[in-house]
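Novice: Starting off with a structure, shown below.
The values are calculated or read from the model by the stated rules, or taken from the named source; none is laboratory data. Keep in mind it's a predicted model, so treat the numbers as computed, not measured. Positions of Cβ are generated from backbone atoms using ideal geometry, with glycine treated the same way; all protein chains shown enter the neighbour counts. For the accessible areas, the whole protein counts, side chains as well, though only heavy atoms, and no ligand, DNA or RNA atoms are used. Shrake-Rupley method; radii C 1.70, N 1.55, O 1.52, S 1.80 Å.
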Amino acid sequence: MTVRRKFVAGNWKMNGLKGQLGEVSAIAELAAARNDIDVALYLPATLIAAAAPLGGAVLIGAQDCHQEEAGAYTGNLSAAMLAEAGARGTLVGHSERRQYQQESNADVAAKALAAHKGGLSVVLCVGETLDTREQGDDVAHAFVADQLVASLPEGADPQWLTIAYEPVWAIGTGKVATPPQIAAMHAALRAALVKALGAEAGNAMRILYGGSVSGDNAADILHTDNVDGALVGGASLTAAKFGPIIAAA
Ligand code: 13P
């Protein structure tokens, strides 16, 4: 049986100024007591350099990474820039970027590969909208599995790539997918990974759940079949809220 180490990650989105760096230190302290799990914080790029020395065992990462190494891409950041600032990983394909920056599956795959080549680990996000979910569970499973396979970078490997399933309708809404809904989706994604990558890599790749995870529901979610961790938005902004989720892993 493949043993997958639990992974608890926070995504600060467009939140956090230097005044909040104390939370990074406090979260690092909580994570230091847990050498049985991985903990990461995906911060605004402006905080990475200051947060990196405070992170300790907590992987400090970015929220996006451009697919090109350098060039005329105003406002974007390359993997090398993020790594130089102190990032050890990045998110790619978050639904907010797919929605507001029109990122396609091909863009996401290219970003993941560029990040890996630049020495960053990658959390690749997928998920369905409410519209798709309301067409039925089977439609939702097929949609997200297809999105995942189309977003997989060349050479996808569990050593550096993690998947996060985040139903768009559960992000920031307080509406959480139920453990049976999560288990069914993660099983569909596991099957898609095994088909795309082979049994060994497909079974070893971690699949996180994200969408309104909190201290109240984390234990149930983290003990659901095929759930290898959580990607947490709002409840990752303070050690007081993130601590119980780390403890639940
Ligand atoms: P919330 O936990 O705030 O719902 O956000 C989830 C998310 O999008 C994490 O990437």
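Novice: Looking at segment 1-17, which of the residues that are part of a loop (DSSP other than H, G, I, E, B) and touching a residue at least 40 places away in the same chain (Cβ under 8 Å) is nearest to R98 (Cα to Cα)?
Specialist: Filtering first and then ranking leaves K13.
Novice: Still on this structure: Quick check on this structure: which one of L237, L208, L197 is in contact with a Gly (Cβ under 6 Å, 6 or more places away or on another chain), among the hydrophobic types (A, V, I, L, M, F, W, C) and at pLDDT 95 or above?
Specialist: Only one candidate passes the filter, namely L208.
Novice: When S25 is evaluated against the numbered criteria (1) under 14 Å from the mean Cα position of the chain (by Cα); (2) among the small types (G, A, S); (3) over 24 Å from W160 (Cα atoms), which criterion, by number, is the only one it fails?
Specialist: So the condition that S25 fails would be (1).
Novice: Quickly run through segment 170-205 and pick out the residues that are within 16 Å of the ligand (Cβ to nearest atom) and surrounded by fewer than 19 Cβ atoms within 10 Å (Cβ to Cβ).
Specialist: Within segment 170-205, G172, T173, G174, K175, T178, Q181 qualify.
Novice: How many residues does segment 60-86 contain that are more than 16 Å from the ligand (Cβ to nearest atom) and in a loop (DSSP other than H, G, I, E, B)?
Specialist: 14
Novice: Could you tell me whether any residue of segment 236-245 is away from the ligand (no atom under 15 Å from the Cβ), open to solvent by 30 Å² or more (accessible area, probe 1.4 Å), of a type outside the set (A, V, I, L, M, F, W, C) and in a helix (DSSP H, G or I)?
Specialist: No, segment 236-245 contains no residue that is away from the ligand (no atom under 15 Å from the Cβ), open to solvent by 30 Å² or more (accessible area, probe 1.4 Å), of a type outside the set (A, V, I, L, M, F, W, C) and in a helix (DSSP H, G or I).
Novice: Moving to a separate point now. Is it true that some residue in segment 37-46 is charged (D, E, K, R), within 19 Å of Q159 (Cα to Cα) and open to solvent by 40 Å² or more (accessible area, probe 1.4 Å)?
Specialist: Yes, the conditions are met somewhere in segment 37-46.
Novice: Among the residues of segment 53-76, what is the count of those that are out of contact with any helix residue (DSSP H, G or I) (no Cβ under 6 Å at 6 or more places or on another chain) and without any contact (Cβ under 8 Å) to a residue 40 or more places away in the chain?
Specialist: Matching residues across segment 53-76 total 8.
Novice: Give L161, L208, L113, L120 a once-over and let me know the one that is in contact with an Asp or Glu (Cβ under 7 Å, 6 or more places away or on another chain), open to solvent by less than 40 Å² (accessible area, probe 1.4 Å) and either β-branched (V, I, T) or under 30 Å from A240 (Cα atoms) (or both).
Specialist: L208
Novice: Which residue out of V108, V123 is under 30 Å from A70 (Cα atoms), free of Cβ contacts under 8 Å to residues at least 60 places away in the same chain, within 16 Å of the ligand (Cβ to nearest atom) and in contact with a Ser or Thr (Cβ under 6 Å, 6 or more places away or on another chain)?
Specialist: Going through V108, V123 in turn, the sole match is V108.
Novice: Could you say which residue among D131, D146, D216, D137 is open to solvent by 50 Å² or more (accessible area, probe 1.4 Å), within 15 Å of the ligand (Cβ to nearest atom), more than 16 Å from the chain's Cα centre (by Cα) and more than 19 Å from R4 (Cα to Cα)?
Specialist: The unique qualifying residue is D216.
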